[in-house]
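Each remark here refers to the structure printed beneath this line.
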Amino acid sequence: MKIITTVPDMQRESAALRGQGRTIGFVPTMGYLHAGHISLVDRARQEADAVVLSIYVNPTQFGPGEDFQQYPRDFSRDEAMAADAGVDFIFYPSDTEMYPEGHCTVVSVHEITDNLCGASRPGHFDGVTTICTKLFHAVNPHFAVFGQKDYQQCAVIRRMVQDLNMDLEIVTAPIVREPDGLAMSSRNVYLSGAERKDALLLYSALGLAKRRIAEGETGTAILIREMTDLIGSGSHTRIDYVKIVHPDTLRDLEAIDDTAVGMLAVFAGRTRLIDNMLFSK
Ligand code: AMP
């Protein structure tokens, strides 16, 4: 496994692989790897000759007062996990490599960023789409794998790739959960024991809605109220949003006609957690 820290070196490796007719699968991450990230690597390994994993805590996708400084980082642990998982290259750039003096270009996707995390975290998706564009140009992969855990991010990246005619495929991989249902996240390390217990209410609420839909309930106002009540029963939870949206447009739905996605963002203590689940009538 090679560790690459500069964009030109990454571009050279990628060009050499392509020159040998090898396909490149790319997994962008912010590091502090867990089994969710490794599932994306496994997926990439199934379909690519070479797997590139990037580790970069991107400052531009964090808002003021968010956890950029505290975000967990442990490169040597990540390096060992990536090697075990069969990663071929880690792209591990510095801030000055990604945002050198004078950098002033932003890639901005509109409309599907209006709702959900786009509304709660102004500027977040501009940071995501800008860094993903830069990483795609550095790695030049045939495809990139993203987790459904960040459902809106997947939709935004797909839109960007289509709108800007980027020549790569976006693959979405399922959410990996702890045995009790909590969606894996690097931020779960922030949770105290009591917060970790309350964090389970996210998965319980999504499961409740799924059951109620299976019983025939299609009104989203009722489903949202029931999910809100359940999540609100925790003493450490504070809801950012509880929504049921169209799977493609991410607009709020009044009723579930066919398929929908339940989308949650909830603070457990000071830690903001997201989760989602696909529903069908
Ligand atoms: P992050 O390091 O949190 O920015 O995540 C990097 C990639 O891993 C993104 O595509 C995430 O959607 C994905 N990911 C994070 N957590 C999970 C999970 N629990 N299951 C599947 N994919 C995940």
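The values are calculated or read from the model by the stated rules, or taken from the named source; none is laboratory data. Note that the structure is a prediction, hence the values are computed from the model and not measured. Note: ideal-geometry Cβ built from the backbone for every residue, glycine included; neighbour counts use all protein chains shown.
Residues checked against (1) surrounded by fewer than 21 Cβ atoms within 10 Å (Cβ to Cβ); (2) out of contact with any strand residue (DSSP E or B) (no Cβ under 7 Å at 6 or more places or on another chain); (3) of a type in the set (G, A, S):
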residue: M10; (1), (2), (3): no, no, no
residue: R22; (1), (2), (3): yes, no, no
residue: V57; (1), (2), (3): yes, yes, no
residue: Q61; (1), (2), (3): no, yes, no
residue: V87; (1), (2), (3): no, no, no
residue: D95; (1), (2), (3): yes, yes, no
residue: M98; (1), (2), (3): yes, yes, no
residue: T105; (1), (2), (3): yes, yes, no
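Have a look at R225, R251, R212 and point out the one that is modelled with pLDDT of 95 or more and within 20 Å of Q153 (Cβ to Cβ).
R251
Consider segment 115-152. How many of its residues are within 18 Å of T60 (Cα to Cα) and not in a helix (DSSP H, G or I)?
3
State the number of residues belonging to segment 172-181 that are assigned to a strand (DSSP E or B) and either more than 10 Å from the ligand (Cβ to nearest atom) or within 12 Å of the chain's Cα centre (by Cα) (or both).
2
Which number in (1) under 17 Å from L264 (Cα atoms); (2) touching a Leu at 6+ places or on another chain (Cβ under 7 Å); (3) free of Cβ contacts under 8 Å to residues at least 60 places away in the same chain marks the one condition that D180 misses?
(1)
Name the single residue that is nearest to the ligand (Cβ to nearest atom) among those in segment 4-34 being without any contact (Cβ under 8 Å) to a residue 24 or more places away in the chain and outside any loop (DSSP other than H, G, I, E, B).
D9
Considering only residues that are more than 18 Å from M263 (Cβ to Cβ) and buried (at least 16 other Cβ atoms within 10 Å of the Cβ), look in segment 156-167 and name the one that is farthest from the ligand (Cβ to nearest atom).
M166
For every residue, the table says whether it meets (1) buried (at least 21 other Cβ atoms within 10 Å of the Cβ); (2) within 24 Å of the chain's Cα centre (by Cα).
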position: Y203; (1), (2): no, yes
position: L223; (1), (2): yes, no
position: E226; (1), (2): no, no
position: I274; (1), (2): yes, yes
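Can you confirm whether segment 35-47 contains a residue that is near the ligand (Cβ under 10 Å from one of its atoms), within 13 Å of the chain's Cα centre (by Cα), closer than 24 Å to Q11 by Cβ and buried (at least 18 other Cβ atoms within 10 Å of the Cβ)?
yes
Output the residue which, of all residues in segment 182-195 that are within 11 Å of the ligand (Cβ to nearest atom) and in a loop (DSSP other than H, G, I, E, B), is surrounded by the most Cβ atoms within 10 Å (Cβ to Cβ).
Checking each candidate, the answer is S185.
Look through D42, D9 and report the one residue that is under 24 Å from T130 (Cα atoms) and acidic (D, E).
Criteria check complete, one pass: D9.
Checking the conditions here, which among P64, P59 is within 24 Å of D150 (Cα to Cα) and away from the ligand (no atom under 15 Å from the Cβ)?
Of P64, P59, the one residue that is within 24 Å of D150 (Cα to Cα) and away from the ligand (no atom under 15 Å from the Cβ) is P64.
Of the numbered conditions (1) among the acidic types (D, E); (2) buried (at least 18 other Cβ atoms within 10 Å of the Cβ); (3) in a loop (DSSP other than H, G, I, E, B), D198 fails exactly one; give the number of that condition.
Just one mismatch for D198, condition (3).
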